[in-house]
Amino acid sequence: MGNSVLTWLGRHAMKLAVVAVLAVPAVVSVYDARTKPNDPNLAQLPAPPVSWRQLREAPGQLTNWVNDHFGYRNDLVKLNNRMRFAVFHEFPSVQMASGRNGRYFLAAHGPDELPFQAIRATCAGAVLNPKIAPYINQLFDSYRAAGLAPKLLIAPSSPVVYPEDLPRWLAPRCMGSDTPVRTMLASHTLNATAAASILFPLEQAREIKKSATLFPKTWFHWTGEGLDQIARLSLSTFWQRPLDQAPPLRIKKHLEYSDVSHLFDGVPLQSETVEPDLEGSHVKGCWGESCFPEVEAGKLLRDVSRFSNPQAPARRLLIISDSFGSKISPWYSRYYREVEQFATNNGDRLSPAQLEQLKTYMYRDPAGTDILLLYHDAGAMYKDVLRYATERMLPVPVPVPAS
């Protein structure tokens, strides 16, 4: 009897090992389901079926629940991601791509986008959206009708600033200067006011990167001491103001996790970042929801920042931007007594009353304020993103040409 049991165990040892390995997370799944609150973002355990329709749907619902609640699921996902990255240098998301020389790129704006869509949108050959130039004309007309004269800084993103670091097959497409932004600027579709109020510092950024950081190798957004040179360039181009009335900002360096780390669990990418040492420079700085108690919109927009520098010339800079704005905004505090930055990414959260309160606040004191619109090239040129981001912020509503 004993020998037959041992023989049976030996013959089925691998099967038993698999059952044992799976039994542990299965027990954990059931335990977690009974003791932890439900996450509304995960599939819910189906109720016992009370009809034939519910009975037919139950297997699929149960499969979805098991997929989302399998024991140690998060740990296993992280382990899989780490192994895949270590062995194949691949990310578990179409949104990220490995380049050369240790650089990584945001490759798609969303998980359902085509591979390398975000890179192709910034480089030569991208098809221009015909709505963009007419809307930019309308944008400047709106501000002019309100007696305001903003400027538009289009930030070149990392694929066109560091094309040599792209995958070898993609690099030639991004090496030149005939990007979608350049195509628009050369098309003569912008009116004179708009054309004279736009800066796309591609060649300057490629020169700045040789001596200063503009994009850390693991980051999507720009950040680094090279942004001080971008700020100075924009000020000398747009407003011809004296640039050395206040002392330079001190800087500090530290290791920081990539700003796109939330796209992939388990792959800890870090870079050395350089940013202003505001405390050491005697500048009062603020990022986030509490920066603007004067308006309700600050808490809803969330990506906002504010700086006060008593050593700088007595003038205010208003930055209306995408997510690139909060990374460069502190560098402008050397040149302005007050800097206020509002990102429009969450502008659709504002009620009409909150939006009107915000516009009244932003566009106050026009004589003492410079207005800078700041959007990165992919955001400005891709689909109709610029209009969606800024149309509700315009000081005077103007009709946008029909599609």
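All of the numbers you see were taken from the coordinates with simple rules; none came from a lab. Just so it is clear, the structure is predicted and the values come from calculations on it, not from any experiment. Here the Cβ positions follow ideal geometry from the backbone for every residue, glycine too, while neighbour counts run over all protein chains shown.
Once the C-beta distance of residue 272 and residue 168 is scaled by a Förster radius of 25 Å, the resulting FRET efficiency is 0.45 to the nearest 0.05. Taking the chain as a Gaussian network of alpha-carbon nodes connected by springs under 10 Å, the highest mean-square fluctuation of the residues 363, 375, 332 belongs to 363.
Quick one: among 89, 221, 376, which has the greatest mean-square fluctuation in a GNM of the chain with alpha-carbon springs under 10 angstrom? Fluctuation is largest for 89. Pairs with C-alpha atoms separated by more than 31 Å, drawn from the list 78/210; 217/359; 327/383; 78/284; 151/299, are 78/210; 217/359; 78/284.
Ellipsoid semi-axes for the chain, based on the Cα gyration tensor and the rule √(5λ), read 48, 25, 23 Å when sorted largest first. With a simple spin-label model that places each label point 7 Å from the Cα along the Cα-to-Cβ direction, the separation between residue 356 and residue 189 comes to 3.5 nm.
Relative to the longest principal axis of the Cα atoms of the chain, the long axis of helix 352-362 lies at roughly 50 degrees.
Spin-label model, residue 289 to residue 251: label points 7 Å out along the Cα-to-beta-carbon direction sit 3.3 nm apart. Excluding residue 279 itself, what net charge comes from residues whose Cβ is under 11 Å from its Cβ, given Lys and Arg +1 and Asp and Glu -1? Result for the local shell: +2. Within the shell defined by Cβ-Cβ distances under 10 Å, the residues around residue 358 carry a net charge of -1, with Lys and Arg each +1 and Asp and Glu each -1.
Connecting C-alpha atoms closer than 10 Å in a GNM of the chain, tell me which of 117, 311, 54 has the biggest fluctuation. In this elastic network of the chain, the residue with the biggest mean-square fluctuation among 117, 311, 54 is 54. This model, with +1 at the C-beta of Lys and Arg and -1 at the C-beta of Asp and Glu, gives the chain a dipole about its Cα centre of some 540 debye.
Please identify which residues in segment 185-214 have an amide N closer than 19 Å to a label point set 7 Å out from the Cα of residue 144, following the Cα→Cβ vector. Within reach of a label on residue 144: 185-199. Of the peptides 228-239, 180-191, the ranking by mean beta-carbon count within 10 Å, highest at the top, reads 228-239, 180-191. Take every pair of alpha-carbon atoms less than 8 Å apart whose residues are at least six positions apart; their mean separation over the length of the chain yields a relative contact order of 16 percent. With only Cα atoms counted, segment 89-226 has Rg and Dmax values of 16.4, 53 Å. Subtracting the Cα-Cα distance of residue 232 and residue 101 from their residue separation scaled by 0.36 nm leaves 44.3 nm. The angle between the Cα long axis of helix 226-238 and the longest principal axis of the Cα atoms of the chain comes to about 40 degrees, rounded to the nearest 10. Helix content alone sets the calculated 222 nm mean residue ellipticity of the chain: runs of n ≥ 4 DSSP H residues at -39500 (n - 2.57) each, divided across all residues, give -11000 deg cm²/dmol. In plain terms, the chain from residue 279 to residue 109 could stretch by 57.7 nm, reckoned as 0.36 nm per residue minus the Cα-Cα distance.
With only the Cα atoms considered, segment 296-388 has a convex hull volume of 94 Å³ per residue. Hey, what angle do you get for helix 73-88 against the long axis of the chain, alpha-carbon based, 0 to 90 degrees rounded to 10? So the helix axis and the longest Cα principal axis differ by about 70 degrees. Under the simplified labelling scheme, the residue 17-residue 240 pair shows an inter-label distance of 7.9 nm, with each label point 7 Å from Cα along Cα→Cβ. Restricting attention to the chain, close to 50% of DSSP beta bridges with both partner residues there are antiparallel.
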